Amino acid sequence: MIFQGVTINQITDHEALVVARLDGQILGGNKEALELYRYPSLQSFKKLNLRDLMPKDFNQFYPELMTSEHLNISSYKTHVNRRSDGELFACKLHTHHQTIKGQKYLVGHVVEIREEVDIEKICLQQNIIVLQRELEAERSKNREISLRETSLLLSKAHPCLSNNDIKVCHYLLKNYSSKAIAKELNITTEGVFAARKRIRKKLGLQPGEELNKALLQSI
């Protein structure tokens, strides 16, 4: 499938491909997608939002923007989708972001499940999964806001600190352990220890002075 001059590769043969904005507005699809969802033309398909391809009771759970927390990036997951005539069907769905000409889009790979399945059960599981993902997306958003606020305060109080230093300080103020900080920043615990030592030196702390306490008092 070609979208804006760029090839969207299929992962499996004869799968449906759907390209949409992060808010769900459909921008493109291949012939398999039109056949699967039973739309007569690409023009009619592009009038839809991804919500229109989901069970109607799913709309209340659909996120406003599809962030990485909402996607099936690592593998295909079982979902229920809806055709143009309202028929529900089970499918394997793989979703990911793809940047094309500087713009990030959502790409969905859809393969219909032909064998008999419990549609209602899958719908319930689907709603639960989406609620869990929405909760994680909200937590991620709140973490980013908190990091920005802390970074602003620390950068004003201690201009000598680098961006990486400030990130370490942020998690120290949140009482994260060195192991937890290493996981958040994708570094080793030794890297965290080195950062703490570097930050103490920049702040001019004496032996016995607590770094966390010094940071808290400075903001």
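Which entry in (i) 15.5; (ii) 11.6; (iii) 14.3 matches mean projected area of the Cα convex hull in nm² derived from the coordinates of this structure?
Structure-derived value, by its label: (i).
Could you point to the residue in A137, N81, V6 farthest towards the positive end of the chain's charge dipole, with +1 and -1 charges on the Cβ of Lys/Arg and Asp/Glu respectively?
My answer, from the dipole projection, is A137.
What number, in percent, do you get for the relative contact order of segment 48-148 if the mean sequence gap of Cα pairs under 8 Å and at least 6 apart is divided by its residue count?
Rounded, it is 26 percent for segment 48-148.
Over segment 119-170, what percent of the accessible surface lies on carbon and sulfur atoms, probe 1.4 Å?
55 percent
What is the dipole size for segment 1-49, taken about its Cα centre, with +1 at each Lys and Arg Cβ and -1 at each Asp and Glu Cβ, in debye to the nearest 20?
Dipole magnitude for segment 1-49 comes out near 260 debye.
In debye, nearest 20, what is the charge dipole magnitude of the chain about its Cα centre with +1 on Lys and Arg Cβ and -1 on Asp and Glu Cβ, if you could check?
Using only the charged Cβ atoms, the result is roughly 1260 debye.
Pull up all non-local amide H partners of Q25: gap of 5 or more, or a different chain, and H-to-H distance under 5 Å with H placed in the peptide plane.
Here the answer is L50, since their amide H atoms fall under 5 Å of that of Q25.
Which aspartates and glutamates have a Cα lying under 14 Å from the Cα of K56, excluding residues fewer than 8 positions away in the same chain?
Output for K56: D85, E87, E120.
Whole number in Å², please: accessible area per residue of the chain, 1.4 Å probe, ligands, DNA and RNA not counted.
It amounts to 59 Å² per residue over the chain.
From Cα pairs below 8 angstrom and at least 6 apart in sequence, can you work out the relative contact order of the chain, rounded to a whole percent?
The value is 15 percent.
Among the GluC sites (Glu not before Pro) in segment 41-121, which ones are in a DSSP loop with at most 15 other Cβ atoms within 10 Å of the Cβ? Mind listing them?
Here the GluC sites (Glu not before Pro) that fit, given the DSSP loop and packing criteria, are E64, E87, E115, E116.
Using a basic spin-label model with each label point 7 Å from the Cα along Cα→Cβ, how many nm lie between E64 and S162?
Those two pseudo-labels are separated by 3.7 nm.
If one computes the Cα centroid of segment 93-161 and of segment 166-215, what distance in Å separates the two points?
28 Å
Determine the shape class of segment 141-195: with a ≥ b ≥ c the square roots of the Cα gyration tensor eigenvalues, call it rounded for a/c under 1.5, and otherwise prolate if a/b is greater than b/c, oblate otherwise.
oblate
Give me the distance in nm between label points sitting 7 Å out from Cα along the Cα-to-Cβ direction at E115 and D13, one decimal.
2.0 nm
What aspartates and glutamates could a cross-link reach from K141, if we take a straight Cα to Cα line under 19 Å and drop same-chain neighbours fewer than 8 places away?
D23, E64, E69, E149, E184
Could you give the size of the charge dipole of segment 116-219 about its Cα centre, using +1 on the Cβ of each K and R and -1 on the Cβ of each D and E, expressed in debye and rounded to the nearest 20?
Roughly 820 debye for segment 116-219.
When the helices in the chain are scored as -39500 (n - 2.57) per DSSP H run of 4 or longer and the sum is shared across all residues, what 222 nm value do you end up with, to the nearest 500 deg cm²/dmol?
Rounded to the nearest 500, the figure is -13500 deg cm²/dmol.
Tell me, what % of the accessible area of segment 37-97 is carbon and sulfur with a 1.4 angstrom probe?
With neighbouring chains kept in place, the figure for segment 37-97 is 51 percent.
Mind checking which lysines have their C-alpha under 29 Å from K202, skipping anything on the same chain fewer than 8 residues away?
The reachable lysines, counting only those whose Cα sits under 29 Å from K202, are K156, K167, K174, K179, K183, K213.
The values are calculated or read from the model by the stated rules, or taken from the named source; none is laboratory data. It should be emphasised that the depicted structure is a prediction, and the values quoted were computed from it without experimental measurement. All Cβ positions, glycine included, derive from the backbone under ideal geometry; neighbour counts span all protein chains shown. To get the accessible areas, we keep the full protein, side chains included, count just its heavy atoms, and leave off ligands, DNA and RNA. Shrake-Rupley method; radii C 1.70, N 1.55, O 1.52, S 1.80 Å.
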